[in-house]
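S.K.: Before I ask anything, let me first share the structure, which is written out below as structure tokens.
The values are calculated or read from the model by the stated rules, or taken from the named source; none is laboratory data. The shown structure was predicted, so the numbers you read here are calculated from the model rather than taken from an experiment. Neighbour counts run over all protein chains shown; Cβ positions are idealised from the backbone, glycine included.
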């Protein structure tokens, strides 16, 4: 299994994920997101657009490596890894 | 008279209630989230807000209990295969005489849900949404699912049916500056006008393409820009490339349409078959974003004039609202109750509304003004709101 850590900002929209470990099967990053969608429908709409591409100001990493394929999220997430989902906040 | 006002602001949705003849704001909803449009479905009282998340994509939120609680509604998505021909802002070294480059196709993704319009009373569940890039989406189940209006998306004025193959015509739809915030240069649909007498008759206004009309429920569309002058195009009378900032129609006399355009105020008394420029620069009526029309008298309209496209602010430091009652032949500016010095407000396209004799507008400076006598006298409902993007009576 892999663990997914998400920015606290997302708990506002998905409160059911708060205070729980998100653990899903390994696979591509896209498959990891699809697995989270099964736990919390609609989650991936916040991360990717309608074509499955990573939204502009959202960042994903597998452990400490930033995901390379932002268009189809094909990077592999190995067993035991942690996926981090965070975003670049800016503006006032 | 309406008893509720909805504001879409940079920091959330603000609801005002009219209680004992006083308008009182509630604590903000969607706190911290930009809301580019908020409105009430008059058929069932559902409140809708278009959330303009900077990171998570555009979302719709709705309240079925008059704003006490909100829930996320299903996302609007372009169907697979939705493409458009990219446009780019001309750069300083742009060569107008250079050969036209091959069309560059891009997959469509929604950046902004700019407008939500509700169908007729007898069309249960029918809703429309206008987006950047310029898609018209239709729902027949109260926003549970949305379908792209393909005839408009595939219109010959934007290259034809790109689902099926490459362009069969040129793309005349230009990008709206309102899309620059998203790092793109694409058109957007900000105005959707339904004929109250005929559910199959509708108009859309597109920044930057112009006005289109359909008389068959959206199956075919025709440009309706005859008489609109675009003074920053090489051909001011070009069929496409116009920049209506907002278009609206009289509820009881829907053949009377008004548009506050980048290049002036335009009026049509024949269902947009032709437009007449009715700007009156001598009283400041020319540039601006919003426009409102009386529900009963199609010749009566209001604008909130701004200085100019290069100075998007109140004229000479003072806010005014101008009204015509004769189809734009003459305009009268009203200033009573509005600040007349050190005011630099700009009022965006969805930030003026009318309900009976009551008008309300809000500015990106966060000031909100209301008139209960058809715009002749105003009073301030607050000066510390976030930048206001939309004002709608419920």
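S.K.: Kindly indicate whether any position in the stretch B:63-73 is closer than 16 Å to residue B:128 by Cα, touching a residue at least 24 places away in the same chain (Cβ under 8 Å) and within 12 Å of chain A (Cβ to nearest Cβ).
M.R.: Taking every residue of the stretch B:63-73 in turn, at least one turns out to be closer than 16 Å to residue B:128 by Cα, touching a residue at least 24 places away in the same chain (Cβ under 8 Å) and within 12 Å of chain A (Cβ to nearest Cβ).
S.K.: Only one residue in B:328, B:382 is more than 20 Å from the chain's Cα centre (by Cα) and farther than 20 Å from residue B:260 by Cα, so which one is that?
M.R.: None of the other options fit; the residue is B:382.
S.K.: Name the single residue that is surrounded by the most Cβ atoms within 10 Å (Cβ to Cβ) among those in the stretch B:109-137 being more than 17 Å from residue B:211 (Cα to Cα) and either within 14 Å of chain A (Cβ to nearest Cβ) or in contact with a helix residue (DSSP H, G or I) (Cβ under 6 Å, 6 or more places away or on another chain) (or both).
M.R.: By that ranking, first place goes to B:113.
S.K.: Can you find even one residue in the stretch B:172-193 that is assigned to a strand (DSSP E or B), in the same structural domain as residue B:219 (by TED's automatic domain parsing), loosely packed, with under 15 Cβ neighbours inside 10 Å and more than 20 Å from the chain's Cα centre (by Cα)?
M.R.: Looking for residues that are assigned to a strand (DSSP E or B), in the same structural domain as residue B:219 (by TED's automatic domain parsing), loosely packed, with under 15 Cβ neighbours inside 10 Å and more than 20 Å from the chain's Cα centre (by Cα), one finds none in the stretch B:172-193, hence no.
S.K.: Among B:181, B:140, which is the only one that is out of contact with any strand residue (DSSP E or B) (no Cβ under 7 Å at 6 or more places or on another chain), within 14 Å of another protein chain (Cβ to nearest Cβ) and without any contact (Cβ under 8 Å) to a residue 40 or more places away in the chain?
M.R.: On the way: B:140 fails: within 14 Å of another protein chain (Cβ to nearest Cβ).
Sole residue among the options that is out of contact with any strand residue (DSSP E or B) (no Cβ under 7 Å at 6 or more places or on another chain), within 14 Å of another protein chain (Cβ to nearest Cβ) and without any contact (Cβ under 8 Å) to a residue 40 or more places away in the chain: B:181.
S.K.: Continuing with this model, one more query. Pick out the one residue from A:60, A:17, A:89, A:73 that is in contact with a helix residue (DSSP H, G or I) (Cβ under 9 Å, 6 or more places away or on another chain), loosely packed, with under 12 Cβ neighbours inside 10 Å and under 18 Å from residue B:55 (Cβ atoms).
M.R.: Checking each option against the conditions leaves just A:89.
S.K.: Moving to a separate point now. Any residue in the stretch B:205-213 that is closer than 20 Å to residue B:50 by Cα and in contact with a helix residue (DSSP H, G or I) (Cβ under 7 Å, 6 or more places away or on another chain)?
M.R.: Residues of the stretch B:205-213 that are closer than 20 Å to residue B:50 by Cα, as a first pass: B:205-207.
Then drop every residue that is not in contact with a helix residue (DSSP H, G or I) (Cβ under 7 Å, 6 or more places away or on another chain), which leaves B:207.
Yes, because at least one residue in the stretch B:205-213 is closer than 20 Å to residue B:50 by Cα and in contact with a helix residue (DSSP H, G or I) (Cβ under 7 Å, 6 or more places away or on another chain).
S.K.: Residues being facing chain B (nearest Cβ under 10 Å) and at positive phi: count how many of those fall in the stretch A:58-92.
M.R.: Qualifying residue count for the region: 1.
S.K.: Right, something else. Would you pick out the residues in the stretch A:32-57 that are crowded, with 16+ Cβ neighbours inside 10 Å, away from chain B (no Cβ under 14 Å) and out of contact with any helix residue (DSSP H, G or I) (no Cβ under 9 Å at 6 or more places or on another chain)?
M.R.: A:32, A:35
S.K.: Among the residues of the stretch B:145-158, is any without any contact (Cβ under 8 Å) to a residue 24 or more places away in the chain and more than 27 Å from residue A:54 (Cα to Cα)?
M.R.: yes
S.K.: Based on this model, can you work out whether residue B:216 counts as modelled with pLDDT of 95 or more and either more than 21 Å from residue B:121 (Cβ to Cβ) or in a loop (DSSP other than H, G, I, E, B) (or both)?
M.R.: yes
S.K.: Hey, another quick one. Could you please find all residues in the stretch B:34-73 being touching a strand residue (DSSP E or B) at 6+ places or on another chain (Cβ under 6 Å) and closer than 21 Å to residue B:184 by Cα?
M.R.: B:35, B:36, B:37, B:50, B:51, B:52, B:55, B:58, B:59
S.K.: Right, another one. Which condition does residue A:86 not pass, out of (1) modelled with pLDDT under 95; (2) under 25 Å from residue B:83 (Cα atoms); (3) within 12 Å of the chain's Cα centre (by Cα), if it passes all the others?
M.R.: Only one criterion in (1) modelled with pLDDT under 95; (2) under 25 Å from residue B:83 (Cα atoms); (3) within 12 Å of the chain's Cα centre (by Cα) is unmet by residue A:86, namely (2).
S.K.: Which of the residues belonging to the stretch B:143-152 are within 14 Å of chain A (Cβ to nearest Cβ) and within 22 Å of residue B:176 (Cα to Cα)?
M.R.: Matches in the stretch B:143-152: B:148 only.
S.K.: Scan B:95, B:141 and give me the residue that is more than 23 Å from the chain's Cα centre (by Cα), modelled with pLDDT of 95 or more and either surrounded by fewer than 22 Cβ atoms within 10 Å (Cβ to Cβ) or outside any loop (DSSP other than H, G, I, E, B) (or both). Quick ask: steps written out before the conclusion?
M.R.: Values: B:95 fails: modelled with pLDDT of 95 or more.
Exactly one residue qualifies, and that residue is B:141.
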